Amino acid sequence: MRARSAAVRTSVAVAVLMLAPGAPRPAHAWPAPLVEALARDARRLVPRSLAQLMASREKEILAAARALPPEVGQALVSDLNAGELRPATTAVLEAHAAEALELFHQQRASEGVIRLGALLRVPADLSDPILSAGPEGYPSGVTREYYAFVSESLDKIPVVLDDPPALKLQRRDLPRYWSGLLGRSREQAGVIRTELFQNGRVVDHRRIDYRSPVFGVASLSYSRAVTAIAATWLAVWREARGDLTRTPSPHPVQPSDAPPIPGAGREPKTTTTSNKP
């Protein structure tokens, strides 16, 4: 299950450096090329009809995702720092999702698809351990090196179905599911700090590889975000009574079927789940 854009390996440093030192951390951390890759991989988990509608409106969806309403963005920033979603924040997020549903009910299908697609920001941000570091954040340069590593490792990261039951969720289940995403991201945030800041210095991403815990965090968080985006889309699409036919059926991949990581010299020993056609 892999849909990669060549742009993923470019402009990442520029996107990260746009975050001014000392400025409040926005709830948009994945650099734009990685957001595009997340969205395209997530489309492989939804019905073909919905995937095609989203693909034809990709530019509009990504623009709408960047323009997250201030009240949503501010609520996410606050709770990401705190490490848990408050009831007030989940209410704001639910209302945001309901706006997409209402557009479908009004038979404004094209607008509804764009608004639905733009919801990817919520699960993507909640799945990102960089945003879950707490109010102390990371030493300067750590975020840059982490995203550079993720971008350059993307062709080696096995994209797996993180939580198969999540694809069956109803919209009312999303707040609980979103809270779980944040909790898991929070658990991984410390690994990034420990591995990418050692002896008082930031570790250059070119010095780490697949054996580093950073690769594990990158792999888990990317797959978590892909699954969560698809789960969020499907929960709203299901309530809108959208077409659910021709939905891909992910199947288990045995270790012998999984692609080897270049340089590892051995096959992976864990069983993953893939959405290979």
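Miscellaneous remarks
- Which of D162, D243 has the fewest Cβ neighbours within 10 Å, and the rest in rising order: D243, D162
- Taking other residues whose beta carbon is less than 10 angstrom from the beta carbon of E58, and scoring Lys, Arg as +1 and Asp, Glu as -1, yields +2.
- Once backbone amide H atoms are built at 1.01 Å from N, F197 has V203 as its partners under 5 Å, excluding neighbours fewer than 5 places away on the same chain.
- Local charge for H96 was computed over the other residues whose Cβ lies under 12 Å away, with Lys and Arg +1 and Asp and Glu -1, and equals -1.
We did not get these values from a lab; they are worked out from the coordinates using the rules stated. Note that this is a predicted model, so its numbers are computed, not measured. Methodologically, a virtual Cβ is constructed for each residue, glycine included, from the backbone with ideal geometry; neighbour enumeration extends over all protein chains shown.
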